[in-house]
Amino acid sequence: MKHSPGKLAFFDAIPFLLLFLIAILPLIVFFVSAFQELGYPALEANAGSIIEKARLILSSLIISFITSIISLIIGTTLAFLIARTNLLYRRVLKFVFFIPFFIPPYIQAYAWTLLLGKRGILNVAAMKLFALSKPLFTIYGVKGVIFILALSYFPIVFLLTLVGLESWDPSLEESCSLYCSRKNVARYVSFPLISPYLISGFILSFIFSLSQFSVPALLEVKTYSVDLFAQISSFFNESRVALNSMPLFAITVLLIYLLGKMLQKGYYFVTPAKTDERKIDLKKTGQFFGLSFSLIIVLLSIVFPLGELIFQTKSMNILFKAIASSKDAIIFSVLIAFIAATIIAALSFFLASKSPDTRMEFPLKVASAFLLMIPASIMAIGMIKLWNHKLSGFIYSSPAIIIFVFVALFIPYGIFVLLSNFKQVDKSLEEAASLCGAGRPMVIKKVLYPLLKPGLWFSWIIAFTLCLGELTATILVIPPGHETISLRTFSLMHYGESSFIAATALIPIMIFALALAAFGVVRTTGKAWK
Amino acid sequence: MIRIVDLDKKYGPKQIFKGLNASFRKGKASIVCGPSGCGKTTLLRLIAGLEKPDSGEIFINGAKVSSPHVILPPRKRGVNMVFQNLALWPHMTAHEHLSFVLKAKKIPRAIHKDKMSKIMNIVELNDNGNSYPAQLSGGERQRLAIARALIVENPILLLDEPLSHIHPELKLEILKLIKRIKLEFGQTMIYVTHNINEGQYIGDELFVFDKGTLKKNRIARFNIKRNKARASSMILADGNDWPV
């Protein structure tokens, strides 16, 4: 049954106001401050610097483009193997392929410097084995950045394509196969229907790669994001940096616009169907190639980097020492991530609960898509510009600024998860409770919350892990006297002793694993109680 | 004529049918009835070439089209099908659905327009040519699926519970349309349903699934013109003879 969109009551508008204040306002301030600088000469107002900036933008675009293409190929192939074929162990592999999403890119990069650095274990072994005078390939440089970023971002494409393929109705292809060949079925039906998911995955990994700062910095590649960070550190003039980051902002807006245009028709929402009986039968050769490809990706993105970090840690003593010395950073990180994730889950819940029956659904979706794609550095600069004033200085100089940044950056994930969950809850369930005399709080507590608990938990755990691994924005807004575990790990990478760094790098991953395990225990216990 | 010989089909451990034999006569409307899960849809999918039999053979007009080792691609069988879930392509408008089939079947471009307007007229979708499936009502989608299956005149038409998603009031209207199409096009039609009353109205032959075998039954025909009230009430009553 359809419901006409209603008006938003004052109290229901509070979550929307909070979203505006925390996430949208910093971007408006960013934009305004950049414009204010237009009248002044640029930081280095000479022809050389303009050419240099253009070169940096171009090389960043090329790196992001190649990274996204590789992520697209890996992610799509894996999603296809899992969703559309009878590949062996596909149920286990489905979860394994998500693991790289929880390994922060800078940790991935650091582990690979230990493997493929100039004195990396693989390079040393290869040089000894083949009597080479210098390594054949080092992870440093543009190729290394592309390699690491592709390994870090393929799970995004994998997830999106998997969603598309799992909600796929095979009869759409079958009905087409009555009239044309397999090649044309792929051309006219399969590809047009799956393309929105592929394009979304491509654009997301493109924007994430473009705004990546830590990996190129570690692998000694100067990109536009690295340059922006250097400007902030050197000049402390956020307005000028805002102006200089306008190309990044413009590219992001353009890509969001293109994505919006592409998804406008909305036809890509395909009716879910049970597809278990209609998987493509991989014969022995297909199984061999499918499993080999999956194994290579698992080795490169999980086993080699984590194995190397564990190997370098050498002993449990070093790990305990690293944990003891990072105690404050761990507590601070977990606390901040916990608060931010809880705010994200709660705010997303209230935003999503009011959206389906008001006119706010479309603006909320647009705002979430926009926030999802905004580079972390731009959000951080906007936050600094907004809160670094006499009146609001107490927020700028306290951990609250980090919480605000995390909420602004990661709330889209919560909103998208809970919006889709709310869509599945029939409006009449709420109405029936209201007719029985239940007030709004009771409807939420007794009807909505139990139905949406899995989605709420899922968005919390995603937000928590993302907050814990965030680095780019944290570096820019961290108040003096505070340190997150990501920041500490990244700082140590520049001057620490390798076994100690490896042990410290394992800490965020151990926290992710513990959080996921806790989530699993809560879910299992919950089910057992039921 | 479609001949099924000793057909076996399994899905995992579940045996759908074993040693199935049947003959469907040319130019006749054969109704296949049976409870849910008895293999009605699987039978249509096997005839269309969307599934391979585990053993046994299928012949169309004397030519072997399916066996465990040989399978003629669906597009070469001269089969049209209306799927249970309709399988309309969400990214194509009603016109695009029809023109796609015409292009795929290499029908000369000059007659596309005529063919499309004729079929849209028959299914009464003239005003909906530019609509996407999501913009059509349940009945209109059903009629579009039928139009797609009829735009090229293949000798065989398979209908998989074509009224299953339809509002009761629309059922009779669509049934009349199918009957009209049957008279006009004279195709061999296999109509799968779990509602025996639909079969009585439309069919020439009735096949009933019974413990994995297909038994040919006498069809109890009634005249819709003489007994309109009875026809409507039986069809609209969704009179299942089997637990669904």
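The values are calculated or read from the model by the stated rules, or taken from the named source; none is laboratory data. Just so we're clear, the structure is a prediction, and the values are computed from it rather than from any experiment. With ideal geometry, Cβ positions are generated from the backbone for all residues, glycine too; neighbour counts draw on all protein chains shown.
From the list A:178, A:149, A:165, A:172, which one is in contact with a Lys or Arg (Cβ under 9 Å, 6 or more places away or on another chain), hydrophobic (A, V, I, L, M, F, W, C) and crowded, with 23+ Cβ neighbours inside 10 Å? I'd like the intermediate steps shown before the answer.
Values: A:149 fails: in contact with a Lys or Arg (Cβ under 9 Å, 6 or more places away or on another chain); A:165 fails: crowded, with 23+ Cβ neighbours inside 10 Å; A:172 fails: in contact with a Lys or Arg (Cβ under 9 Å, 6 or more places away or on another chain).
Just a single option satisfies the conditions, and that option is A:178.
Considering only segment B:143-186, state which residues are away from chain A (no Cβ under 14 Å), of a type outside the set (D, E, K, R) and crowded, with 17+ Cβ neighbours inside 10 Å. Don't jump to the end; show me each part of the working.
The first filter runs over segment B:143-186 and keeps only residues away from chain A (no Cβ under 14 Å), leaving B:143, B:163, B:166-186.
Those left that are additionally of a type outside the set (D, E, K, R): B:163, B:166-168, B:170, B:172, B:174-175, B:177-178, B:181, B:183, B:185-186.
Hits for segment B:143-186 are B:163, B:166, B:170, B:172, B:174, B:175, B:177, B:178, B:181.
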Checking the conditions here, which among B:64, B:14, B:10 is under 25 Å from residue B:153 (Cα atoms) and of a type in the set (Lys, Arg)? B:64
Residues in segment A:478-485: is at least one assigned by TED's automatic domain parsing to the domain that holds residue A:406, under 20 Å from residue A:345 (Cα atoms) and either of a type in the set (A, V, I, L, M, F, W, C) or touching a strand residue (DSSP E or B) at 6+ places or on another chain (Cβ under 6 Å) (or both)? no
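Within segment B:75-112, can you find the residues that are of a type in the set (A, V, I, L, M) and at the interface with chain A (Cβ under 10 Å from one of its Cβ atoms)?
Taking segment B:75-112 as the starting set, the residues that turn out to be of a type in the set (A, V, I, L, M) are B:79, B:81-82, B:86-88, B:92, B:94, B:98, B:101-102, B:104, B:107, B:110-111.
Those that are of a type in the set (A, V, I, L, M) and at the interface with chain A (Cβ under 10 Å from one of its Cβ atoms): B:79, B:81, B:82, B:86, B:87, B:88, B:92, B:101, B:102, B:104.
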Within segment B:78-101, count every residue that is in contact (Cβ under 8 Å) with a residue 24 or more places away in the chain and surrounded by fewer than 21 Cβ atoms within 10 Å (Cβ to Cβ). 8
Of the residues A:150, A:109, only one is closer than 17 Å to residue A:509 by Cα, part of a helix (DSSP H, G or I) and either touching a Pro at 6+ places or on another chain (Cβ under 6 Å) or touching a residue at least 24 places away in the same chain (Cβ under 8 Å) (or both); which? A:109
Identify, from the list A:183, A:134, A:128, A:143, the residue that is at pLDDT 85 or above, basic (Lys, Arg) and within 30 Å of residue A:222 (Cβ to Cβ). A:143
Hey, can you tell me all the residues within segment B:46-73 that are surrounded by 22 or more Cβ atoms within 10 Å (Cβ to Cβ) and facing chain A (nearest Cβ under 10 Å)? B:48, B:49, B:50
Test: residue B:144 is assigned to a helix (DSSP H, G or I), among the aliphatic types (A, V, I, L, M) and in contact with a His (Cβ under 6 Å, 6 or more places away or on another chain): no
So, first residue touching a residue at least 40 places away in the same chain (Cβ under 8 Å) and within 7 Å of chain B (Cβ to nearest Cβ) in segment A:168-182, second residue surrounded by 22 or more Cβ atoms within 10 Å (Cβ to Cβ) and not in a loop (DSSP other than H, G, I, E, B), Cβ within less than 6 Å, six or more apart or across chains; the pairs are A:172/A:189
All-but-one check, residue B:159 against (1) free of Cβ contacts under 8 Å to residues at least 60 places away in the same chain; (2) part of a strand (DSSP E or B), failing number (1)
Picked from segment B:23-50 (must be closer than 13 Å to residue B:210 by Cβ and either in contact with a helix residue (DSSP H, G or I) (Cβ under 8 Å, 6 or more places away or on another chain) or of a type in the set (Asp, Glu) (or both)), the residue modelled with the lowest pLDDT is B:34
Restricting segment A:183-213 to residues that are over 22 Å from residue A:162 (Cβ atoms) and buried (at least 23 other Cβ atoms within 10 Å of the Cβ), the residue that is farthest from the other protein chains (Cβ to nearest Cβ): A:213
Scanning segment B:128-140 residue by residue, those more than 10 Å from every other protein chain (Cβ to nearest Cβ) and either outside any helix (DSSP H, G or I) or under 27 Å from residue B:106 (Cβ atoms) (or both) turn out to be B:128, B:129, B:130, B:131, B:136, B:137
